[in-house]
Every structure is written in structure tokens, then in C-alpha cells.
Amino acid sequence: MARFIRLLGKKRGERRTGSPMVGSVGEASFYGGLFLTGSLALAALLTSHAASNDGMSWGLGLGVAVFASLIVTGGGGLIFRVAQVASSQERRNVLASRAANIELIGIELLGDNAAGIRYPAVPDETFFKNSPGTRLLYRLPSTGAAIWKLSAATIFCLIWNGLSCVLVVLAFNTHRGGAPDWFLTVFVVPFVGVGVWAIYYFIRQLSMHAGIGATAVEISDLPLVPGRRYEVFVAQWGKLQMDSLDLDLVCDEEALFQQGTNLRLETKRVRSQRVFHQENFSILPNGVFEAECEIEIPADAMHSFQSAHNAIHWKLVVRGSARGWPEYERSFPVLIHPLTEPVEQGSWNRS
Amino acid sequence: MEPLISIRLHHPKPIFQPGNILRCEYQVDAVELQQLTAIEASVLWRTEGKGDEDMGVHFFERRTPHEAPGNDLRQAFFFETSLPPSPLSYEGMIVRICWCARVRVFLRRGREVFFDKTFRLGAVRAAKFAASPASVLSS
């Protein structure tokens with residue numbers, strides 16, 4: 001028979017030992033105690049200060065800040081705990097959804113977006129449709145990692161080489177002053193070495209970004225529906241001697257999870273379908289390579305899905321290999337809606 | 001002794017399409033009348049797999065003794081709801097989406113128990129491993 005109060009609890013499958021009521025009361029008492037301690041201490045501090053007629057001081061400000069933080073933490077914790085009493089996860093979820101759908105000054109507070117009301121847990125289509133195409137109806141937004149790599153390389157290069165310059169000047173001054181600091185000098189050498197590598201990496205990223213040129217993908221309709229066919233247009237700029245250019249339709253699953261104190265994101269590619277492939281061709285200066293092809297969304301495909309910690313993303317991925325450049329990959333997300341009505345297999349959706 | 005929770009879906013197979021009507025009957029048994037403080041019935045989806053669990057509640061109702069005839073929550077209750085177009089049930093590699101009808105029983109002293117009756121929504125095929133087997137981990 002379970003004891004009423006246990007010092008240690010165990011988790012047995014879905015069940016935990018110990019009383020949840022005692023746990024709730026204990027937690028609420030802790031936060032209540034914190035709130036009371038803060039209130040009493042703050043009141044005592046302010047009344048004693050008023051009685052002494054002293055002016056404002058740093059000590060008083062610090063005391064007020066510390067006791068006020070106790071009041072906020074205790075009060076907030078107590079309200080949160082009380083709100084959870086006798087309330088299931090499902091009920092809280094429903095209340096949160098209702099709160100999110102309250103309209104304030106004509107703006108709906110998030111929750112499931114306008115499209116999401118019709119298709120819960122499916123991403124909003126606005127992001128995908130905000131750029132018109134030149135050849136087909138929509139130009140897809142790019143979410144390639146290249147620009148992030150370039151940004152990270154720029155920031156790292158600036159910070160590291162800024163620090164290197166300071167250390168080099170300090171070391172140089174010790175030599176010029178006739179009392180060389182050999183420890184600092186030796187320490188600076190690998191530091192500068194990393195700085196030189198950072199500059200090389202930054203230039204490589206920059207030249208890749210500027211040299212390979214932009215990639216654009218356009219599509220005849222959005223959102224996509226399983227079982228239907230769509231036209232796709234791909235364009236590649238830059239003076240390049242291409243070994244190969246591929247376009248794939250891929251589906252990635254994403255899972256965000258807490259591991260210790262880290263938040264980790266795992267991505268798994270679960271579907272990949274070659275849409276277009278071309279080898280050995282040149283793109284002339286000021287020229288552009290253009291190609292049109294078609295994709296068929298598999299009839300049994302899962303739709304795009306997005307929740308707080310899990311997602312299913314579909315995208316068109318361009319992979320290129322150009323002579324003198326490392327291989328590159330650029331992603332263009334697409335939105336797939338669930339199939340709500342029967343579609344004739346392979347029927348066309350044209351712009 | 002925990003109460004017995006039974007859930008019955010009025011459908012020949014636990015497979016539904018978006019827009020279908022889900023009819024469900026549930027009953028709590030093997031518990032004293034005074035022990036029951038509330039019953040919640042919901043139709044929800046939740047994720048399973050590598051990521052932290054997410055859930056979305058499509059239908060929810062809560063019953064307390066004073067709302068039930070004779071203040072007895074042990075009788076059979078019935079509800080029906082039209083199923084939404086998404087998210088569809090999905091068996092992926094690291095993400096799974098499961099639909100269920102859930103009945104949660106609140107007992108005296110803050111105890112609660114629940115039971116799920118799972119069903120499928122839609123006809124999405126389980127993810128077949130098609131391309132690169134590599135898993136990409138980033139912090």
C-alpha cells in the first residue's frame with residue numbers, strides 16, 4: 001500500500017508512486033512560502049527605511065530587487081500550479097487553443113493560422129506563396145544553409161581576427177620595448193594561424209556564394225496535393241562549367257528533443273525522388289541555364305506537418321557540381337496539403 | 001483498485017477518413033460513485049518518436065457528477081464528432097502521428113487514470129526508407 005508521504009518517488013511505466021495531490025500541495029506550499037517571504041521582507045525593508053529617513057542607496061535598491069524577484073517567482077509559480085490542479089493536459093490544450101483564437105483588434109493570436117483552421121497542424125501557405133514566378137505561378141523561397149554558413153564565417157572571422165590584432169599589437173610592443181614577452185608571443189602564433197584559416201574560409205564561402213550564382217525554382221501551383229502532377233522550372237545563374245545538376249523532391253522528418261540541458265534537432269530523410277538530372281553543360285557569362293520538368297506527388301504521400309517539436313517538410317532540392325567549385329545544395333520548401341477528395345491519378349495542375 | 005474504463009467506437013474498423021463522423025461510447029466501471037469527481041472525453045492526435053511529444057485536441061468534453069443524471073458518472077455516455085482533414089495518421093522513421101479517443105477519470109485525492117482507444121485517420125503509407133540513410137544531428 002502506498003504511503004501518503006514519500007521522500008522518493010518511482011516511475012513505473014506510465015504510473016508514478018506517491019500521491020499527486022501531496023506533490024501539488026507541496027509545490028504550491030513552496031511557491032506560496034516564497035511569495036510570503038518576499039512580501040514580508042520587502043515590507044520590513046521599506047518600513048524600516050521610511051522610519052530611518054535615509055536617502056536612496058544601492059543597498060536599498062538591491063534589497064528591493066531581490067525581494068521583488070521572490071514575490072514574482074513565488075506568485076507566478078503559485079498561480080501556474082493552481083491553474084494545473086485538476087486540469088488535464090487535454091483540457092489545458094483546449095483552453096490554450098481557445099485563447100489563441102481570441103481576436104484582438106482584428107488580429108488573430110496565432111494558434112492554428114488561417115489555413116491551419118481548415119488544416120490543423122499544417123504550415124501556413126502564405127510563406128510559400130509570397131513570391132510570384134516569371135515562368136510559372138510561384139517562385140519558391142530558398143532555405144539553403146549557404147547564407148547561414150557565410151554569415152557565421154563572417155562573424156567568426158571578424159571577432160577572431162579583431163582579437164588577434166589586439167594580441168599581435170601587445171606582443172609587438174613588448175618586443176619594441178626591449179622586454180619581450182615570449183609566452184605571449186608563442187601564444188599569439190596559433191591564434192594568428194586560426195585567424196588566417198578563418199579568412200581563407202570566409203573568402204571561400206564568399207566566392208562560392210558570389211561565383212556559383214543564384215538558383216531559382218518555380219512551380220505551377222501551391223499548395224501541392226498528393227496524386228497530382230505539377231510543372232517545375234529551374235534556373236541556375238553564374239559562369240560555370242557544370243558536371244551535373246540534379247533536382248530532387250524530398251521529404252524530411254524533424255524531431256526536436258531535450259537531451260540533458262541541450263536542445264537537439266534530428267532530421268531524417270524518408271523519401272527522395274529524382275525529378276531532373278543533366279550532366280556536362282556550360283553556363284556562359286551573363287547567361288542562365290533553364291530547364292522545365294514535372295513532378296508527381298506520390299498519392300500515398302504524407303502532407304506537410306508542423307507542431308511544436310515535430311515536423312514533416314517537403315522540399316525541392318537542387319544539387320550542383322561545377323568544375324573548380326565544391327558541390328553545393330539549395331533547398332526550396334513546398335507545401336503539401338492532405339488529400340481531402342479523390343484525385344484522378346496523375347491529373348495536372350497548371351498555372 | 002483502479003476503475004475500469006471502456007471505450008467503443010461505433011465503426012466496423014478503426015480506420016477513418018477526414019470528414020467521417022466518429023461515434024464513440026464510453027463507460028467507467030468498478031469504482032464507487034463517491035470516488036468519481038469528473039470524467040473527460042477527448043479525441044486527439046499526439047506525436048510519438050524521437051521528438052518531445054506534441055498533441056492537439058480535436059474534441060473535448062468534461063462531465064462532473066452534478067451534470068450527470070442521478071449524479072452518477074458510471075453510466076454510459078456517447079459523443080460524436082466530425083474528424084478534421086489533418087493531421088493524418090502517420091508512421092514515420094522518427095515522427096509518428098497517432099489519433100485516439102481518450103477518457104480520463106478524476107478520482108478523489110487528486111488521482112486520475114486514463115485509457116486510449118487508438119484509430120487511424122487517412123490512408124498515408126508508412127515511410128519507406130528511400131534515400132540517404134544518414135541521420136543529421138545538430139544542437
Worksheet entry | Residue in the stretch B:86-112 that is farthest from A:Ser307 (Cα to Cα), counting only those that are open to solvent by 30 Å² or more (accessible area, probe 1.4 Å) and in a loop (DSSP other than H, G, I, E, B) | B:Arg111
Worksheet item: If you go through the stretch B:14-67 one residue at a time, how many are open to solvent by less than 50 Å² (accessible area, probe 1.4 Å) and more than 8 Å from chain A (Cβ to nearest Cβ)?
Response: 15
Practice prompt. Specify which of the listed residues (A:Val82, A:Val64) is in a helix (DSSP H, G or I) and modelled with pLDDT of 80 or more.
Written response: A:Val64
Worksheet item: Any idea how many residues of the stretch A:172-210 are of a type outside the set (Phe, Trp, Tyr) and under 29 Å from the mean Cα position of the chain (by Cα)?
Response: 12
Worksheet entry | Subset of the stretch B:68-85 [part of a loop (DSSP other than H, G, I, E, B) and open to solvent by less than 20 Å² (accessible area, probe 1.4 Å)] | B:Ala68, B:Leu73, B:Leu83, B:Pro84
Worksheet item: Counting only residues that are closer than 28 Å to B:Glu91 by Cβ and part of a strand (DSSP E or B), how many does the stretch A:220-246 have?
Response: 4
Worksheet item: Mind checking which pairs have a first residue in the stretch A:325-339 that is not assigned by TED's automatic domain parsing to the domain that holds A:Ala235 and a second that is open to solvent by 10 Å² or more (accessible area, probe 1.4 Å) and outside any strand (DSSP E or B), Cβ under 9 Å, 6 or more apart or different chains?
Response: none
Fill in: Flag for B:Phe106 being in contact (Cβ under 8 Å) with a residue 40 or more places away in the chain and at the interface with another protein chain (Cβ under 10 Å from one of its Cβ atoms)
yes
Fill in: Leading residue by the ranking (farthest from A:Arg92 (Cα to Cα)) among those in the stretch A:24-82 that are of a type in the set (Ser, Thr, Tyr) and loosely packed, with under 13 Cβ neighbours inside 10 Å
A:Ser52
Worksheet item: Is at least one residue of the stretch A:308-320 in the same structural domain as A:Val234 (by TED's automatic domain parsing), farther than 24 Å from A:Glu218 by Cβ and either in contact with a Ser or Thr (Cβ under 6 Å, 6 or more places away or on another chain) or among the hydroxyl-bearing types (Ser, Thr, Tyr) (or both)?
Response: yes
Fill in: Cβ-Cβ under 7 Å pairs, at least 6 apart or on other chains, the stretch B:82-97 side more than 7 Å from every other protein chain (Cβ to nearest Cβ), far side assigned to a loop (DSSP other than H, G, I, E, B) and surrounded by fewer than 20 Cβ atoms within 10 Å (Cβ to Cβ)
B:Ser82/B:Gly19; B:Leu83/B:Pro18; B:Leu83/B:Gly19; B:Leu83/B:Asn20; B:Glu91/B:Ala126
Worksheet entry | Matching residues, the stretch A:200-218, being part of a helix (DSSP H, G or I), of a type in the set (A, V, I, L, M) and open to solvent by less than 70 Å² (accessible area, probe 1.4 Å) | A:Met208, A:Ile212
Worksheet item: Across the stretch A:143-171, which residue is nearest to A:Val318 (Cα to Cα) among those that are surrounded by 14 or more Cβ atoms within 10 Å (Cβ to Cβ) and over 29 Å from the mean Cα position of the chain (by Cα)?
Response: A:Ser164
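The values are calculated or read from the model by the stated rules, or taken from the named source; none is laboratory data. Since this is a predicted model, take the numbers as computed values, not measurements. For neighbour counting, all protein chains shown are included, and Cβ atoms are generated from backbone atoms with ideal geometry for every residue, glycine included. Remember, those area values only see protein heavy atoms, side chains included, never the ligands or the DNA or RNA. Shrake-Rupley method; radii C 1.70, N 1.55, O 1.52, S 1.80 Å.
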